[in-house]
Amino acid sequence: MQYFVTTEALATQKSDCIVVAIFEQGQLSPSAKTLNEVSNNAISRIIDRGDMSGKAGQTVLLHDVAGIEAPRVLLVGCGKQDKTTENDFNAAITAMAKVIHESGARDATSYLNEVTVTTRNDEWKARQTMITATSALYKYTQTKSNVSPLVSPLDKLGFYTQNNVQALEKAAETGSAIAKGMDLARELSNLPGNICTPRYLANQAVEIGQKFDSVTTTILDEAEMAELGMGSLLSVSRGSREPARLITMNYQGAGDARPVVLVGKGLTFDAGGISLKPAAGMDEMKYDMCGSASVFGTISAIAELNLPINVIGVVPSSENMPDGDANKPGDIVTSMAGKTIEILNTDAEGRLILCDALTYSERFNPEIVIDIATLTGAIIVALGSQATGLMANDQALADDLLKAGNDSYDRTWQLPLWDDYQQQLDSNFADIANVGGKEAGSVTAACFLARFTEKFTWAHLDIAGTAWNSGKNKGATGRPVPLLVQYLLNRIAEKK
Ligand code: BES
Ligand code: MN
Ligand code: ZN
């Protein structure tokens with residue numbers, strides 16, 4: 001979606017559609033008041049008739065309003081005046097985007113920045129508008145036939161401001177890049193496992209490397225991983241006929257500064273292996289690569305924005321299947337770090353591929369390592385689909401990610417990573433077991449990873465609850481791309 005910022009007043013605004021806020025109890029935003037005055041109280045009459053209650057997300061589309069140059073005016077309910085929440089604002093933007101998309105308008109100018117959204121400033125609202133509108137219009141079509149394109153899709157959003165042009169342009173640019181990164185993440189995630197394989201992901205990474213001069217992609221095949229001693233990762237891919245890949249995308253925006261390394265779980269289909277998952281809902285395990293998709297989305301967003309920072313994306317990618325050579329419960333493998341692992345449950349495969357990717361990350365001398373993984377069903381029980389689970393071996397890093405979550409409204413919530421939990425991973429036959437029993441499943445999964453991250457500052461994001469929606473609206477969310485980009489933006493701002 002393209003954007004522009006305009007200082008043109010409402011009555012003479014030449015956009016295909018102008019968008020103004022109405023609040024509950026018939027209260028009008030400043031632009032709605034102006035509109036009401038020039039149109040001889042057209043807005044008041046609509047409210048009095050009961051056609052617009054101001055509830056967040058309610059819309060009324062008007063044509064040829066007297067006194068207005070734009071052919072269309074969209075009234076959008078934004079909740080209680082001065083008490084619009086972030087969720088209200090998102091509901092308003094979502095409704096706005098959908099209604100305009102289905103009208104004949106191709107561009108629209110939003111006057112919704114007049115809405116007071118908790119403590120958020122105008123830049124936040126412009127950025128959020130770009131993200132939420134793009135998300136509302138995302139539609140998966142790649143594997144459908146007979147998709148008829150819209151005659152006049154909404155492809156350009158304007159923001160009205162009196163005096164803040166440059167800041168809003170910057171904010172919209174950031175929002176647009178984040179939104180594009182989310183679309184990329186969503187699209188990769190929604191693809192089925194028979195298309196989006198480890199080799200497919202590797203090709204996508206190569207394409208990102210070709211698209212941006214600042215990104216260098218390297219791909220390791222199984223022989224090269226064997227050379228490095230990645231016995232844990234390779235034990236997972238042995239259970240599948242699809243060969244594994246280790247993908248590295250190196251974004252260089254800050255010379256030789258130490259990088260932030262993002263490690264994304266790229267399990268393109270998780271059947272569970274010999275510890276086979278139940279049939280119901282197993283299709284959703286195509287989403288077990290959403291962590292890697294968020295790394296792809298984040299790298300492309302920051303490359304688009306030319307951010308002055310170095311970021312390396314590392315994606316271990318494999319299937320987890322019950323082929324004849326698959327891991328068997330009780331098997332013991334040796335990780336790249338030299339630690340032996342007793343595989344008591346082959347369905348706890350995420351940690352098995354991530355541990356070798358984390359060890360591999362040491363070679364980049366990282367300042368920070370963050371892994372992003374659909375790691376445990378237990379995190380969905382604990383936090384639902386609202387918050388991403390966060391665990392870290394460094395509280396300052398955890399605090400930064402909590403803050404980035406609040407700033408971007410792509411929120412995280414921290415769980416403890418105390419040593420007390422580590423004993424659950426004791427094994428009689430190896431250095432460590434790959435599962436820790438039924439208590440605190442998300443924490444013991446992170447405890448497993450923590451054994452491989454002692455050499456650097458590290459955080460783990462468990463996105464099993466936030467990366468996709470189930471049910472009728474089944475589909476990837478593009479999270480946590482906003483969180484990750486925000487974290488990197490905050491880092492850059494702090495260092496300045
Ligand atoms: N990819 C799954 C986690 C998952 C499950 C994400 C359901 C979203 C929905 C992971 O590989 C897995 O299977 N984890 C097991 C771990 C258990 C065997 C200790 C789980 O959560 O059941
Ligand atoms: Mn699994
Ligand atoms: Zn998995």
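Annotations
- Hits in the stretch 235-264 - residues which are touching a Pro at 6+ places or on another chain (Cβ under 7 Å) and either more than 26 Å from Glu224 (Cα to Cα) or within 16 Å of ligand 1 (Cβ to nearest atom) (or both): Ser237, Gly239, Ala244, Gly253, Ala254
- For Ser292, the test of being at pLDDT 95 or above, farther than 30 Å from Lys495 by Cα and surrounded by 22 or more Cβ atoms within 10 Å (Cβ to Cβ) is failed.
- Thr143, sole failed condition from (1) more than 22 Å from Thr477 (Cα to Cα); (2) assigned by TED's automatic domain parsing to the domain that holds Ser110: (1)
- Picking from residues in the stretch 411-469 that are more than 30 Å from Asn190 (Cβ to Cβ) and aromatic (Phe, Trp, Tyr), the one that is surrounded by the most Cβ atoms within 10 Å (Cβ to Cβ) is Phe452.
- Here Lys139 does not qualify as surrounded by fewer than 17 Cβ atoms within 10 Å (Cβ to Cβ) and in contact with an Asp or Glu (Cβ under 6 Å, 6 or more places away or on another chain).
- Restricting the search to strands (runs of 3 or more DSSP E) fully inside the stretch 303-400 and requiring at least 3 residues that are modelled with pLDDT under 95, within 16 Å of ligand 3 (Cβ to nearest atom) and open to solvent by less than 10 Å² (accessible area, probe 1.4 Å) gives an empty result.
Yes/no matrix, rows are residues, columns are (1) part of a strand (DSSP E or B); (2) open to solvent by 50 Å² or more (accessible area, probe 1.4 Å):
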| residue | (1), (2) |
| --- | --- |
| Tyr3 | yes, yes |
| Glu8 | no, yes |
| Lys14 | no, yes |
| Ala21 | yes, no |
| Asn40 | no, yes |
| Asp48 | no, yes |
| Ile100 | no, no |
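- Test: residue in the stretch 144-152 that is among the hydroxyl-bearing types (Ser, Thr, Tyr), part of a loop (DSSP other than H, G, I, E, B) and touching a strand residue (DSSP E or B) at 6+ places or on another chain (Cβ under 7 Å): no
- Filter result for Phe448 (among the aromatic types (Phe, Trp, Tyr), outside any helix (DSSP H, G or I), touching a residue at least 12 places away in the same chain (Cβ under 8 Å) and farther than 25 Å from Thr119 by Cβ): no
The values are calculated or read from the model by the stated rules, or taken from the named source; none is laboratory data. Keep in mind the model is a prediction, meaning the values are calculated, not measured. We place every Cβ from the backbone using ideal geometry, glycine too, and count neighbours over all the protein chains shown. Accessible surface is based on the protein model in full, side chains and every heavy atom, while ligands, DNA and RNA are left aside. Shrake-Rupley method; radii C 1.70, N 1.55, O 1.52, S 1.80 Å.
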